[in-house]
1. What FRET efficiency, computed as 1/(1 + (r/R0)^6) with R0 = 41 Å and r the Cβ-Cβ distance, is obtained for residue 106 and residue 21, rounded to the nearest 0.05?
2. Just to be sure I understand the model, the point goes 7 Å from the Cα along the line to the Cβ. What's the resulting residue 92 to residue 46 distance in nm?
3. How far apart, in nanometres, would the label points at residue 116 and residue 194 be if each is projected 7 angstrom from Cα along the Cα-to-Cβ direction?
4. So how exposed is residue 127, as accessible area in Å² (1.4 Å probe, rounded to 10)?
5. Quick one: with all protein chains in place, what share of the accessible area of the range 1-70 is carbon or sulfur, to the nearest percent (1.4 Å probe)?
6. Could you compute the net charge surrounding residue 99? Neighbours are other residues with a C-beta less than 14 Å from the C-beta of residue 99; K and R count +1, D and E count -1.
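The values are calculated or read from the model by the stated rules, or taken from the named source; none is laboratory data. Here the structure is a predicted model, which means the values were calculated and not measured. Quick reminder, even Gly has a Cβ in these numbers, built from the backbone with ideal geometry, and neighbours come from all protein chains shown. Areas reflect the complete protein model, heavy atoms only, side chains present, ligands, DNA and RNA absent. Shrake-Rupley method; radii C 1.70, N 1.55, O 1.52, S 1.80 Å.
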Amino acid sequence: MVLMTMIARVADALPLAASMQEEQSGPSLLEYQTQAKQLFRKMNSDSPSKGSLETGPYLFHYFLERGICYLALCESSFSKRSAFAYLEDLQLEFTSQYGHKVDTVSRPYSFIEFDNYIQKAKRTYTDSRSRRNLTQLDSELKDVQRIMVQNINDVLLRGEALSALDDKASNLATLSQKYKKDAHYLNVKSSYVKIAGIVVIIVLVLLFLRYWIF
């Protein structure tokens with residue numbers, strides 16, 4: 001289930017639109033709304049276009065496009081593919097309705113009326129019968145399975161931009177690959193040394209037998 005949806009301008013983290021589940025709009029959900037606003041302030045033009053962040057029992061999924069961040073707080077059991085399909089749906093409709101106005105507003109939640117479409121899209125992507133009609137998402141959104149899930153505290157508490165953490169993850173992956181290659185090289189080299197040692201011993205034994213016995 002999608003519990004909360006927020007749309008913000010990346011350049012200044014200005015919230016443009018939002019929607020929450022009515023039965024989940026208490027203090028607990030407001031805490032996640034605060035986290036979402038903090039997350040917007042960590043984003044910039046170099047941030048990954050898609051990402052997932054673990055926060056308590058839930059997951060934040062976000063999609064960046066044309067300087068706008070589309071973010072959804074979902075239950076961890078909610079399909080990642082459905083979540084990103086939902087966000088991309090919102091992006092297309094929001095761009096169609098307000099794309100030409102986004103850079104002109106300065107008041108928070110200037111497009112709060114977009115909640116009507118958010119609610120409609122949410123029903124489409126959370127209803128089990130509707131999801132069965134979206135089987136084409138499997139081929140269109142296969143890449144979302146490769147999105148690394150980070151913990152939101154790694155982003156909010158370290159005081160670093162989201163792009164910096166992504167760079168570190170990439171560097172770790174590169175170092176891991178280098179370590180595997182180096183380990184393989186050392187294993188091969190060690191095997192060659194062992195084989196060479198055995199060959200030397202065999203040659204010495206043969207020489208001994210030739211000169212001392214024959």
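1. With R0 = 41 Å, the Cβ-Cβ based efficiency is 0.90.
2. 3.3 nm
3. Distance between label points: 7.4 nm.
4. Solvent-accessible area, nearest 10 Å²: 50 Å².
5. 46 percent
6. 0
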